[in-house]
Amino acid sequence: MQAVGAFRAFGGASFWIAPNLTARAYRAGPVAPDHLSARLAGAREVALALGPLLSDGEDRSRWLRLGLACDLADALATLIGRRRGEIAPATAALCFLTYAASVTLTGAALRSCDGVR
């Protein structure tokens with residue numbers, strides 16, 4: 001549970017605090033001049049990090065499932081963007097590695113949470 005929380009919180013805070021630096025790490029170049037989209041995504045990730053940590057039982061499972069749904073939606077958005085030529089292959093690959101890590105950590109947390117009941 002702590003691993004997925006730390007993973008999401010670090011990613012979200014990075015995008016909120018330093019959107020251009022985080023985008024460059026993903027080889028995406030600078031983000032929009034107002035940084036709004038990056039900060040909105042960062043805030044969502046921090047909420048998805050804190051939700052499971054601050055809840056228990058079915059509420060915790062619900063937060064984790066919401067995180068998985070967001071990961072899948074992000075993967076689909078990346079796939080669409082890549083197919084349209086809006087996202088470079090290297091950027092898409094780094095994004096998919098991030099989604100895979102998040103899905104793996106979230107799935108493990110969900111299994112441990114479900115196993116407790």
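The values are calculated or read from the model by the stated rules, or taken from the named source; none is laboratory data. Every value quoted in this text rests on a predicted model; they were computed, and no experiment measured them. Cβ atoms come from the backbone with ideal geometry, glycine included; neighbour counts cover every protein chain shown.
Just checking, which of S14, S55 is hydroxyl-bearing (S, T, Y) and in a loop (DSSP other than H, G, I, E, B)? Checking each option against the conditions leaves just S55.
Considering only the stretch 84-117, state which residues are β-branched (V, I, T) and in contact with a Ser or Thr (Cβ under 9 Å, 6 or more places away or on another chain). Listed by number, the residues that qualify are I87, T91. Is the stretch 82-99 home to any residue that is surrounded by 15 or more Cβ atoms within 10 Å (Cβ to Cβ), within 17 Å of V4 (Cβ to Cβ), within 15 Å of the chain's Cα centre (by Cα) and aliphatic (A, V, I, L, M)? No: the stretch 82-99 contains no residue that is surrounded by 15 or more Cβ atoms within 10 Å (Cβ to Cβ), within 17 Å of V4 (Cβ to Cβ), within 15 Å of the chain's Cα centre (by Cα) and aliphatic (A, V, I, L, M). Scanning the stretch 46-101 for residues that are touching a Lys or Arg at 6+ places or on another chain (Cβ under 8 Å), of a type outside the set (S, T, Y) and farther than 25 Å from C113 by Cβ turns up A88, P89, A90, A92, L94. Applying the criterion of being surrounded by 13 or more Cβ atoms within 10 Å (Cβ to Cβ) and hydrophobic (A, V, I, L, M, F, W, C) to the residues of the stretch 26-41, the residue that is nearest to T78 (Cα to Cα) is A28. If the condition is being in contact (Cβ under 8 Å) with a residue 12 or more places away in the chain and part of a helix (DSSP H, G or I), then the stretch 26-46 contributes A38, R39, A41, G42, A43, R44, E45, V46. Pairing each residue of the stretch 89-101 that is without any contact (Cβ under 8 Å) to a residue 24 or more places away in the chain with any residue that is buried (at least 16 other Cβ atoms within 10 Å of the Cβ) and assigned to a helix (DSSP H, G or I), provided the two are 6+ apart or on different chains, yields C-beta distances under 8 Å for P89/R82; A92/T78; A92/R82; F96/A75; F96/T78. Do we have R44 as of a type in the set (D, E, K, R), at pLDDT 95 or above, surrounded by fewer than 16 Cβ atoms within 10 Å (Cβ to Cβ) and under 15 Å from the mean Cα position of the chain (by Cα) here? So R44 does not fit the description; no.
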